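Each remark here refers to the structure printed beneath this line.
What follows draws every value from the coordinates through simple rules; no lab data is involved. Predicted model, so just to flag it, every value in this text is computed and none were measured. As a convention, Cβ positions derive from the backbone with ideal geometry for all residues, glycine included, and neighbour counts pool all protein chains shown.
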Amino acid sequence: MSRRFVTIWFRHLLTDWFTRRQPQLRNTPFVLAAPDHGRMKVTAANAAAQAHGINADMSVADARALFTTLQVLDEVPELPVRLLTSLGHWCIRFTPVTAIDPPDGLILDISGCAHLWGGEALYLQDILSRLKNFGYDVGGGMADTIGAAWAIARYGQGADIIPTGEQTNCLLSLPPAALRLELTVVERLQKLGLYQVENFIGMPRAALRRRFGQPMLRRLDQAIGLEEEALEPLQPPEPYQERLPSMEPIMTSTGIEIALQRLLEALCQRLSTEGKGLRTCVFKCYRVDANIQQIEIGTNRASHNPVHLFKLFDGKISTIEPALGIELFVLEAAKVEDALPSQETLWVAKGGLEDVIVAELLDRLTGKMGPDTIQRYLPDQHHWPERSIKSATSLKEKPAIDWRTDRPRPIQLLSKPEAVEVSAPIPDYPPMLFRYKGELHRIKKADGPERIEREWWLEGGEHRDYYSVEDEEGRRYWLFRLGHYDANKPQHWFIHGFFA
């Protein structure tokens, strides 16, 4: 499939934006100006001002001499890039690959997209008509190369489409400036009487390079398709993404559900074919008012089961507000992992982390209660209790070491030990009682001490002497004394965990 591009030219980008914000300026000649070497210089003029001969790069004084009641507004720094970026993100509803072309254009890679709108002509017409309805004076072009699309958008009839493979013939009658050449190069070409591309395209390349430089040849080659041109998209497309445009805006939850089911089936079929499964997935709904609604799910195990994934989305669909309607649905698998064919046998497995039913149950619970509700922990290679465990990233992750079983460890470990009041014999006897959160606990059984030294290569500080204790009501705790016993100093005791 050959690549196709659309370029969009905003003839009066900045002044159109000001007119949208101040409708009273619509039929009023006005310009934007900025200080330049001690004088005010026109940086942009609206169509009404241009009709009086006022253009960019003129001094404001000269402009007012041509039209005495000319309105002058201050230029907004960095506005062109901000506007183009915003408009480029809006255009993602037409193609996932959009890029800005400062100071007044956009570039869209539309390969494989136009047929969803009924053909290239309807596709380009839809884009331009919507932008015009926003209040922008635009032109557009479509071709096999960015250079040819750029040329026809600015020097064609305003909405031209160059058939596949015909870009060279269509460029012949255009002026040299249509090739995006430097102004000095254009002026030299015109001085030599080379007013159209056809006047020099057949000249020896060595002569052209010698007279006009290699950049001129590069632009020519890019326009006719002999050299690829890099495109830096505003939003890099997800490698696993499915899009579903709507011929009519969707405003019902039933319509949203049908769109989601179709996208899930298509995406999961692709993932299954490639032996992949998704871990996180985003469902985006592009509304006609330029607002984007989205919901997201995550799984504990890579999955390409559309029925299960739809159930995860199902509880969140009600949060989508269609308003005036949704015109494009996009499903993106933001995180993908291998899902080996052997995992299909998990559908008949019973119990354990290797049971896919367990993974799907965890997915549903996480979807309803939040991503941080359920955690899985693995042993980590540290002696210090706070660092001896870590959160697992998935059910597939395997522990680097075995859980320690030679010493008792609490089922619940406090992230930060809490101070307690303790009465204990000396020097290394376990405590007889302790007070925690105002409640007095009399100790009936105790085991210890277990000395745990700090990992000196990570931090300094005193060691801990841990005791496993049980109170009169059968509740078990993990206590420790900080540092060595010293009869001349108060002892500091802490509670660090709770046994089952």
* Asked: Amide H to amide H under 5 Å from ILE110: which residues, 5+ apart in sequence or cross-chain, H placed 1.01 Å off N in plane?
  -> ARG4, PHE5, VAL6
* List every residue whose amide H lies under 5 Å from the amide H of LYS390, counting only residues 5 or more places away in sequence or on a different chain, with H placed 1.01 Å from N in the peptide plane. => LEU378, ASP380
* Arrange the following residues from fewest to most other Cβ atoms within 10 Å of their Cβ: THR19, THR366. => THR366, THR19
* For LYS311, list the lysines whose Cα falls under 29 Å from its own Cα; do not include residues on the same chain fewer than 8 positions away. => LYS276, LYS284, LYS335, LYS350, LYS368, LYS396, LYS398
* Normalise the Debye intensity by I(0) for segment 412-500, one equal point scatterer per Cα, no solvent, then take log10 at q = 0.20 Å⁻¹ and round to two decimals. => -0.95
* Structure fact -> Site GLU450, offset 7 angstrom along Cα→Cβ, radius 18 Å on amide nitrogen, limited to segment 371-403, gives 378-390, 401-403
* Only Lys, Arg (+1) and Asp, Glu (-1) charged, at Cβ; segment 1-123 dipole about Cα centre in debye -> 280 debye
* Asked: In segment 422-479, what GluC sites (Glu not before Pro) fall in a loop by DSSP, with at most 16 other Cβ atoms inside 10 Å?
  -> GLU453, GLU455, GLU459, GLU462, GLU472, GLU473
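Based solely on its DSSP helices, what 222 nm [θ] is calculated for the chain when runs of n ≥ 4 H residues each add -39,500 (n - 2.57) and the sum is averaged over all residues, nearest 500 deg cm²/dmol?
-8000 deg cm²/dmol
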* **Residues in segment 437-457 that a label on GLN491 would reach, taking backbone N under 12 Å of a point 7 Å out along Cα→Cβ** => 449
* How far apart, in nm, are the 7 Å Cα→Cβ label points at ARG64 and ARG21? -> 2.2 nm
* **At R0 = 22 Å, FRET efficiency that the Cβ-Cβ distance of LEU122 and GLU166 yields, to 0.05** => 0.65
* Out of LEU226, LEU174, PRO236, whose Cα points farthest toward the positive end of the dipole of segment 143-245 (charges: +1 Lys, Arg; -1 Asp, Glu; placed on Cβ)? -> LEU174
* At 20 °C and 1.002 mPa s, grab the translational diffusion coefficient of segment 241-367 from Stokes-Einstein with a Kirkwood Rh over Cα pairs, rounded to a whole number in µm² per second. => 142 µm²/s
* To do: Working from the alpha-carbon coordinates of segment 46-171, get Rg over Rh, Rh being the Kirkwood radius.
  => 1.05
* Asked: Nearest 20 debye, what's the magnitude of the dipole of the chain about its Cα centre given +1 on Lys and Arg Cβ and -1 on Asp and Glu Cβ?
  -> 560 debye
* If you line up the Cα atoms of segment 1-237 on their principal axes, what length do they span on each, largest first, in Å? -> 52, 46, 28
* Structure fact -> The alpha-carbon center of segment 165-243 and that of segment 372-422 are separated, in whole Å, by 63 Å
* To do: Mind jotting down the three principal axis lengths of the chain based on Cα atoms? Whole angstrom, largest first.
  => 105, 63, 53
* To do: Add +1 for every Lys or Arg and -1 for every Asp or Glu among the other residues with Cβ under 11 Å from the Cβ of ALA323, and state the total.
  => -1
* Asked: What order do you get for 256-264, 147-155, 87-95 when each peptide is scored by the mean count of other beta carbon atoms within 10 Å, highest first?
  -> 147-155, 87-95, 256-264
* To do: Post the alpha-carbon centroid distance, segment 440-473 to segment 13-92, in whole angstrom.
  => 74 Å
* Charge context of PRO245, other residues only, Cβ under 11 angstrom, K/R +1, D/E -1 -> -1
